[in-house]
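Step one of this worksheet: look at the structure below.
Derivation of every value follows stated rules applied to the coordinates shown; laboratory data play no part. All of these numbers come straight from a predicted model, not from anything done at the bench. So basically every Cβ, Gly included, is an ideal-geometry build from the backbone, and we count neighbours across all protein chains shown.
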């Protein structure tokens, strides 16, 4: 009985993991597009004010169970990975 | 024109950020529940074999744009934060 319950919860977790991956990748596509628009306008890709605003939005809307500080830490990691993907794009553009 | 396009993309990004936060928190609720079930069965909350399987599932289903290694790095951070939230629950349970 207990094992069935655990298996059921793990199946749910696998589905949530895949959903999470999809949203993270959707976010990455959007960030790449923003990088292209900013690059065309000669704007810097790294924008600490905009990052701060995104972190504030998380703080304002968090209903848990994660603490806001934990979510903000995770989002900072996602921002960092997103900047790296924009920089890869930029390097490739320079090589064309 | 360019600024309108940038504003539109940023609005989309804000929505995706909130969606991402919701899925991360939904995942945290599920992980807390798994922690309670495992704790009731006397099982260890940290399970490296199960973590490996979750990372493999990401690798098998990733369609980009993020590299699988980047996604796996982000998921490891999420696993770490999830273990911490389970441990908080466990400490509180011991205090009851």
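Quick look at the numbers
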item	result
Crossing angle, helix B:2-40 versus chain B [Cα axis fit, 0-90 degrees, rounded to tens]	10
Percentage relative contact order, chain A, counting C-alpha pairs under 8 Å, at least six apart	32
Spread of Cα-to-Cα distances over 10 Å intervals beginning at zero, given as percent, for the protein assembly as shown	8, 33, 32, 17, 7, 2, 0
Within region B:15-35: backbone nitrogen closer than 20 Å to the residue A:73 label point (7 Å, Cα to C-beta)	B:20-33, B:35
Mean-position separation - Cα centroids, region A:1-41 and region A:65-91, in angstrom	13
Most mobile listed residue (A:13, A:30, A:43) in chain A, GNM with C-alpha springs under 10 Å	A:13
Cα gyration tensor shape of chain B, rounded if a/c is under 1.5, else prolate or oblate by comparing a/b with b/c	oblate
Nearest 10 degrees, 0 to 90: helix A:48-61 Cα axis against chain A principal axis	20
Degrees, to the nearest 10: B:68-95 long Cα axis against longest axis of chain B	40
